[in-house]
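Note sheet for the following structure.
The values are calculated or read from the model by the stated rules, or taken from the named source; none is laboratory data. Small disclaimer: the values here were computed from a predicted structure and weren't measured. Positions of Cβ are generated from backbone atoms using ideal geometry, with glycine treated the same way; all protein chains shown enter the neighbour counts. Calculation scope for accessible area: heavy atoms of the full protein, side chains included, ligands and nucleic acids excluded. Shrake-Rupley method; radii C 1.70, N 1.55, O 1.52, S 1.80 Å.
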Amino acid sequence: MYAFAPEKPLRLVGRNFCLAIVFFFTRPSLLTHMKTKQINIPVYGMKCSNCVAKVTGIIQGFAAVEHVEVSLSEQLAKIVFSEPIQHPLGEIRQALATAGYQTENPVEPDTSKSVSGPPVSAADLEPLRFKIVGMSCASCAATIEKKLNTLNGVQDVTVNLAGVFGQLKYDPQLVSAADVYAAVAAAGYQAGPVDKMPDHDDEAARELRLVLIAATGALPIMLLMFVPVFGERTILINAALASLVQFTAGLGFYQSAWKSLKNRAANMDLLVSLGITAAYGYSLLALSGMLGDDATVFFETSAMLILFIRFGKWLESRAKGRAGAALRNLLKLQADHAVLLVDGREEDVPASRIKPGDLLLVRAGEKIPVDAVVVEGSAAIDESMITGEAVPVDKSTGAEVTGATINRSGRLLIKAVRVGEQTVLAQIVRLVEEAQGDKAPIQRLADRVANFFVPTIVVLSLLTFFSWYLLAAGTFLFAFQMAIAVVVIACPCALGLATPTAIMVGSSVGLERGILFKKASVLEQISKLQIILLDKTGTLTSGDFTVSELVCFDECLEEQLLQFAAALESGSNHPLAKSIVAEARKRGLKWSVVAQVEEVGGLGLKGQVSGRQVLCGRQKLLEDNACDLSAGAPAIKRLTTAGKTQVFLAVDGRLKGIIALADSLKPHAATVITGLKKLGIRTVLLTGDRRSVAEAVAAQIGIDQVEAEVLPEQKLLTVKKYQQQGLLVGMVGDGINDAPALAQADIGIAIGSGTDVAKETGDLILVGGDLCDIERGIRLGRQTLRKIKQNLFWAFFYNLLGVPLAAGVLYPLWGLYLKPEFAGLAMAFSSVSVVANSLLLRRLKDRL
């Protein structure tokens with residue numbers, strides 16, 4: 001900062017310099033070549049190449065248009081405008097309309113008019129995920145959401161600031177993807193398909209270039225402040241360097257601020273623009289002598305502001321790129337080629353050419369290109385990228401294999417089952433993308449604050465200036481600097497990044513462990529669970545029953561008992577029935593054909609075997625048919641105490657035997673229950689088995705409560721019962737068989753099979769089927785919510801502390817205040833700190 005009273009000749013040079021700056025940066029011809037921007041608009045009604053030529057000619061007739069490309073197939077015009085000239089979109093649309101073309105969707109939205117076909121249901125809406133370039137803060141995201149919500153046929157719009165993408169659902173009869181991109185462009189931003197827009201690495205590289213440009217001008221200014229090697233002309237050198245920084249590295253702030261104002265909104269870049277303009281403009285006026293002979297020049301303030309803020313944005317871009325790295329890395333795992341067998345010949349083809357039913361060859365060390373079933377061979381498959389388990393899994397003929405997993409040993413001949421968007425990997429990516437785009441309830445507070453944040457800061461800045469200058473009798477320059485500091489220290493970015501960055505990192509950590517959260521709200525809600533209901537069969541137990549004991553009565557032999565049971569059960573798909581039939585086959589038994597089979601709902605089967613009436617099923621089935629069970633009482637008591645599942649068999653009304661089956665508990669079941677208890681969560685065993693069996697299992701692994709003899713349709717009512725007690729209920733079960741109960745629960749946790757993730761009901765899907773992932777998912781949810789709260793606290797605390805400090809409230813007591821450039825540095829690092837704090841969640845990966 002200089003207190004500079006130039007001599008008359010030098011003052012004249014300064015004034016001429018200022019005029020030259022104004023002239024240079026306001027000449028349209030020069031601005032035209034400084035920067036361009038592409039905006040896409042839909043053009044409907046084109047039918048041939050002549051129409052394309054006509055539309056191209058109309059658009060090229062506008063001076064602000066540098067280039068135009070019109071696509072007949074897409075019904076789209078891609079227009080490159082000169083920047084920062086105001087885009088004459090309105091005039092272009094009017095000219096096209098006059099020529100007979102439409103630039104709004106031609107489908108009539110008026111529901112009073114008849115349209116062909118039934119109304120489109122939610123199931124017919126198509127999802128769209130797209131990249132957005134140009135957002136700087138939460139206000140930008142809110143502006144885009146507001147703009148997109150005005151489109152007819154668009155629903156569920158969310159814009160993710162941290163991931164710089166948007167997603168929505170749209171009715172293809174009313175709106176197209178091109179319309180969505182055009183609406184974003186009309187709001188002042190760029191949008192397009194995710195794979196065709198710059199990624200985080202490109203954004204970080206761009207920000208680094210701007211940092212280097214800013215440093216090229218700002219650092220020499222700082223040196224020349226202390227060592228004015230050019231004497232009195234040093235100030236002119238500094239002015240030139242500050243101008244270079246202002247209209248190169250700082251130009252983007254003005255462009256973003258102008259977009260914001262056009263949309264009647266206010267974003268962070270508007271605050272930055274006000275700050276750097278005030279500092280730079282005041283210095284120019286002082287240099288020209290318009291503010292008096294003793295006016296102070298501080299070109300270093302605007303230059304250093306731009307340098308520090310650009311430096312912060314560069315760090316932020318790098319951090320945001322790391323936050324979404326897991327999903328991008330997963331996408332890279334997809335195989336790009338495959339070995340196709342055609343008439344016994346091997347043919348190397350792109351993976352995109354594979355169709356269901358194709359035979360593929362996979363050698364050791366190669367990736368499995370698509371979801372498939374093994375036709376021939378055996379191998380150890382590394383499924384860690386899908387399930388998170390590092391130990392390879394042995395696969396042989398008949399086993400299913402998942403695309404993108406790696407064949408570690410052996411040679412496999414496989415038949416393609418699911419390809420393209422139907423593969424497990426594609427489904428997982430889609431679910432994670434949707435979860436990262438979803439908004440957690442806690443984010444709504446930040447969104448509400450962001451709506452009025454910038455106007456509030458501008459008002460506080462003006463109050464600061466008038467308070468110091470008029471009420472406290474401070475100097476104009478001191479009050480002016482305080483006002484600038486207030487403008488640049490305020491940061492809505494930290495508020496906007498607090499929740500989505502934590503959600504992105506949390507969901508990415510879960511992804512790497514095979515834990516999929518379907519919505520962002522699940523990460524928040526799961527941390528509040530109070531009670532978890534766990535289905536027994538297939539969840540806590542393996543679901544693979546084996547016959548452990550045969551108890552015979554009335555002179556019946558074990559072989560006869562199994563023959564009667566197998567004859568009746570051979571047509572059933574029930575797990576117990578399959579186990580009994582498997583035991584009979586294992587012993588090499590044959591059985592008669594059964595006649596008149598009747599299934600007694602929830603109790604068992606009855607039918608005719610070799611002319612004799614046979615009952616096979618639960619104890620109640622025999623009791624309801626007046627069978628005397630007194631002979632089996634001691635055995636029933638013993639087997640019940642042992643926790644065995646029992647199937648009773650009677651022939652012609654007489655008890656012939658009891659088949660005892662055991663379902664082994666999954667490894668670590670007791671460890672998981674202990675872990676849940678340490679988290680303060682009550683556990684309930686939910687099963688259709690007899691109470692005595694259920695209680696034996698519960699006692700074995702330490703479950704708190706038992707809900708036994710619950711029929712499948714009653715599971716939903718059991719979930720409701722606990723919800724009516726005011727508890728936040730989680731339900732763990734099979735994603736398909738327990739769908740109603742999982743859907744009713746506050747948090748449905750599906751133990752996945754890893755083969756069809758998208759069809760599984762549940763808010764949380766454990767792809768690998770590992771019970772330990774239940775506890776891991778809850779701990780991850782709690783840690784993610786903790787990070788969100790930390791981020792929001794820091795964002796609010798930073799602004800509540802920083803704004804008063806920048807306004808100089810501590811100056812009267814201790815002489816503490818912030819120079820504008822250091823206020824800008826603090827603002828930049830507030831966003832970086834929020835993203836960095838979210839990235840600390842990645843340390844959980846090895847501790848889950």
Solvent exposure ordering (accessible area, 1.4 Å, most first) of GLU558, GLU569, GLU433 | GLU558, GLU433, GLU569
Taking 7 Å along the Cα-to-C-beta vector as the label spot, tell me the ARG93-ARG345 distance in nanometres, rounded to one decimal.
-> 5.7 nm
Length-normalised contact order of the chain in % [C-alpha pairs under 8 Å, at least 6 apart] | 12 percent
Using a 1.4 Å probe, how large is the accessible area of MET222, given in Å² and rounded to the nearest 10?
-> 60 Å²
Just list whichever of LYS677/LYS721; LYS146/LYS528; LYS131/LYS259; LYS78/LYS147; LYS262/LYS789 have alpha carbons separated by over 26 Å in the model shown.
-> LYS146/LYS528; LYS262/LYS789
Using the Kirkwood radius built from alpha carbon pairs, what does the Stokes-Einstein equation give as D for segment 667-721 at 37 °C and 0.692 mPa s, in µm² per second?
-> 280 µm²/s
Heavy-atom SASA rank of GLU69, GLU126 (probe 1.4 Å, accessible area, largest first) = GLU69, GLU126
Against the longest alpha carbon principal axis of the chain, how many degrees, from 0 to 90 and to the nearest 10, is the axis of helix 234-246 turned?
-> 30 degrees
In Å, the C-alpha Rg and Dmax of segment 613-756 are 17.8, 54
Separation of the LEU810 and LYS677 label points, Cα + 7 Å toward Cβ, nm = 5.0 nm
Compute log10 of I(q)/I(0) for the chain with the Debye formula, placing one identical point scatterer on every Cα and leaving out solvent, at q = 0.07, 0.10, 0.11 Å⁻¹, to two decimals.
-> -0.72, -1.16, -1.29
In degrees, nearest 10, the alpha-carbon axis of helix 49-60 is tilted away from the dominant principal axis of the alpha carbons of the chain by 40 degrees
Taking the Cα centre of segment 156-255 as the origin and placing charges on Cβ (Lys, Arg +1; Asp, Glu -1), which of LEU208, ALA218, ALA178 is farthest toward the positive end of the dipole?
-> ALA218
Largest first, what is the accessible-area ranking of PHE465, PHE81 with a 1.4 Å probe?
-> PHE465, PHE81
Leaving ligands, DNA and RNA out of it, work out the accessible area of SER507 with a 1.4 Å probe and give it in Å² to the nearest 10.
-> 10 Å²
Using a 1.4 Å probe and ignoring any ligands, DNA or RNA, find the accessible area of LYS720 and quote it in Å² to the nearest 10.
-> 80 Å²
For segment 445-506, the percent of all C-alpha pairs falling in each 5 Å bin, from 0 up to the bin holding the max distance, is 4, 18, 20, 16, 12, 10, 8, 6, 3, 2, 0
Sulfur and carbon atoms: percent of accessible area, the chain [1.4 Å] | 56 percent
Helix 575-586 versus the longest principal axis of the chain: what is the Cα-based angle in degrees, 0 to 90, to the nearest 10?
-> 50 degrees
